[in-house]
Amino acid sequence: MLYRKQVYLKNGQGFAPVVVRNYTQQDFDELIQIQRESFPPPFPSDLWWNMEQLENHVTLFPEGALCVEVNGVLAGSMTGLIVHFDKEESSHTWQEMTDDGYIRNHSPDGNTLYVVDICIRPAYRNLALGKLLMQSMYEVVVQLGLERLVGGGRMPGFHRHANRLTPQEYLEEVLRGQLQDPVITFLLHAGRTPIRILENYLEDEQSLHHAVLMEWVNPFMTRLLEI
């Protein structure tokens, strides 16, 4: 079942019409441009989407390929796949869990939606579009009857504090509000809960290749998961 909703978000003195929907082949060129704008150097350019990856997203799991438009302009996207996930499993990398972004390992009978990517055009980051996309993907989790949404959150502020803090200590200071991290703080505001630190998760100099594995548990499945 495909997804579409329209809301109005505050924009200056008024409200802008915003649409969240599934992205299609017609959006591919613009999605790649959004990646360029959202992840400038030192983020590796070879991690931007390519046409084959995007084609796989819309054919293997179109329900997990979401984008957001503001006044008809494509402003961001979020992508996921379904996996078999055990919360107690050992660490993993982004490449392993997402098939390097190609999602050929998508498992329709899995229990968890794993986040491949979320990005918002810098010019539109004052509208809380990332939180809107995240909430929309939670709705996909509920619609599909999955147990949870999980993904690794980059720690782009960590490199400035690595001389005095371990990754876990950095996370704890973010949780206490003593530090703000562009990604982890956003994910906390969007309802995600930290599980553990992932080492060598993604080639990312700012995070020193670390990430925080963070989940959102389907509230309609919580009691079942506790049994």
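The values are calculated or read from the model by the stated rules, or taken from the named source; none is laboratory data. Quick caveat: nothing in here was measured; it's all calculated off a predicted structure. Neighbour counts are summed over all protein chains in view; Cβ atoms, including those assigned to glycine, are modelled from backbone coordinates with ideal geometry.
Overview of values
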| read-out | value |
| --- | --- |
| Single residue of Gly110, Gly130 found to be outside any strand (DSSP E or B) and in contact (Cβ under 8 Å) with a residue 60 or more places away in the chain | Gly130 |
| Breaking point among (1) loosely packed, with under 15 Cβ neighbours inside 10 Å; (2) touching a helix residue (DSSP H, G or I) at 6+ places or on another chain (Cβ under 8 Å), for Arg160 | (2) |
| In region 13-32, residue farthest from Tyr114 (Cα to Cα) [restricted to those that are in contact with a strand residue (DSSP E or B) (Cβ under 9 Å, 6 or more places away or on another chain) and among the polar types (S, T, N, Q)] | Thr24 |
| Conditions (1) loosely packed, with under 12 Cβ neighbours inside 10 Å; (2) at pLDDT 95 or above; (3) not in a strand (DSSP E or B); number of the one not met by Gln6 | (3) |
| Qualifying position, being in contact (Cβ under 8 Å) with a residue 24 or more places away in the chain, out of contact with any Cys (no Cβ under 6 Å at 6 or more places or on another chain) and surrounded by 19 or more Cβ atoms within 10 Å (Cβ to Cβ), among Phe85, Phe28, Phe39 | Phe85 |
| Residue among Glu89, Glu63, Glu55, Glu69 that alone is acidic (Asp, Glu) and assigned to a loop (DSSP other than H, G, I, E, B) | Glu89 |
| Hits in region 178-190 (condition: in contact with a helix residue (DSSP H, G or I) (Cβ under 9 Å, 6 or more places away or on another chain) and surrounded by 15 or more Cβ atoms within 10 Å (Cβ to Cβ)) | Leu179, Asp181, Ile184, Thr185, Phe186, Leu187, Leu188, Ala190 |
| Hey, Ile32 aliphatic (A, V, I, L, M), over 26 Å from Leu198 (Cα atoms) and in contact with a helix residue (DSSP H, G or I) (Cβ under 9 Å, 6 or more places away or on another chain) or not | yes |
| Answer from Leu213, Leu171, Leu149 - the residue that is assigned to a strand (DSSP E or B), in contact with a Pro (Cβ under 8 Å, 6 or more places away or on another chain) and of a type in the set (A, V, I, L, M, F, W, C) | Leu213 |
| All positions within region 33-61 that are of a type in the set (Val, Ile, Thr) and either touching a strand residue (DSSP E or B) at 6+ places or on another chain (Cβ under 7 Å) or modelled with pLDDT under 95 (or both) | Ile34, Val58 |
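Listed here are the residues, each with its yes/no results for (1) modelled with pLDDT of 95 or more; (2) surrounded by fewer than 17 Cβ atoms within 10 Å (Cβ to Cβ); (3) of a type in the set (Val, Ile, Thr); (4) more than 30 Å from Asn11 (Cβ to Cβ).
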{"residue": "Ala128", "(1), (2), (3), (4)": "no, no, no, no"}
{"residue": "Tyr138", "(1), (2), (3), (4)": "yes, no, no, no"}
{"residue": "Gln143", "(1), (2), (3), (4)": "yes, yes, no, no"}
{"residue": "Arg148", "(1), (2), (3), (4)": "yes, no, no, yes"}
{"residue": "Arg176", "(1), (2), (3), (4)": "yes, yes, no, yes"}
